[in-house]
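Engineer: Provided herewith is a single structure, encoded as structure tokens, for subsequent inquiry.
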Amino acid sequence: MNTNHFRFNRKSLPRVTMVPPVAVSPLIKTARWSALLLGVFYGKQRFDYLKPIAEEEKKVEEAEKIARVEQERIAKQLVEANSETILK
């Protein structure tokens with residue numbers, strides 16, 4: 001029994017003839033590199049703009065989490081205190 005169901009045999013694949021590469025215009029090359037560099041520059045500026053905002057949001061979320069945990073702890077203590085008085 002053949003267990004190699006997913007292996008390809010080079011002989012079973014069709015022959016593909018490759019086309020030689022086309023010479024790309026220097027103008028197109030320059031435009032591509034310019035777009036890449038501008039994108040990197042824009043990304044760096046955008047990151048520098050958004051980073052302080054994200055840090056501030058993180059600080060606010062941490063403060064809210066601390067307050068929420070404290071409220072949950074107080075609520076849990078109240079429930080335990082009330083449940084003890086009902087049972088007695």
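The values are calculated or read from the model by the stated rules, or taken from the named source; none is laboratory data. Keep in mind that this is a model prediction, so the values were computed, not measured. Heads up, the Cβs are rebuilt from the backbone with ideal geometry, glycines too, and the neighbour counts pull from every protein chain shown.
Engineer: Please state which one of Glu70, Glu84, Glu56, Glu61 is at pLDDT below 85, of a type in the set (Asp, Glu) and part of a helix (DSSP H, G or I). First the steps, then the outcome.
Structural biologist: Numbers: Glu70 fails: at pLDDT below 85; Glu56 fails: at pLDDT below 85; Glu61 fails: at pLDDT below 85.
Criteria check complete, one pass: Glu84.
Engineer: Could you look through the range 14-34, keep only residues that are surrounded by 10 or more Cβ atoms within 10 Å (Cβ to Cβ) and of a type outside the set (D, E, K, R), and pick out the one that is farthest from the chain's Cα centre (by Cα)? Lay out the reasoning, then the answer.
Structural biologist: Initial filter on the range 14-34 (surrounded by 10 or more Cβ atoms within 10 Å (Cβ to Cβ)): 29-34.
Remaining after also requiring of a type outside the set (D, E, K, R): 30-31, 33-34.
Numbers: Thr30: 31, Ala31: 29, Trp33: 26, Ser34: 26 Å.
Ranking the qualifying residues of the range 14-34, first place goes to Thr30.
Engineer: Quick one: is Val19 hydrophobic (A, V, I, L, M, F, W, C) and assigned to a helix (DSSP H, G or I)? First the steps, then the outcome.
Structural biologist: Working: hydrophobic (A, V, I, L, M, F, W, C): yes; assigned to a helix (DSSP H, G or I): no.
The answer is no for Val19.
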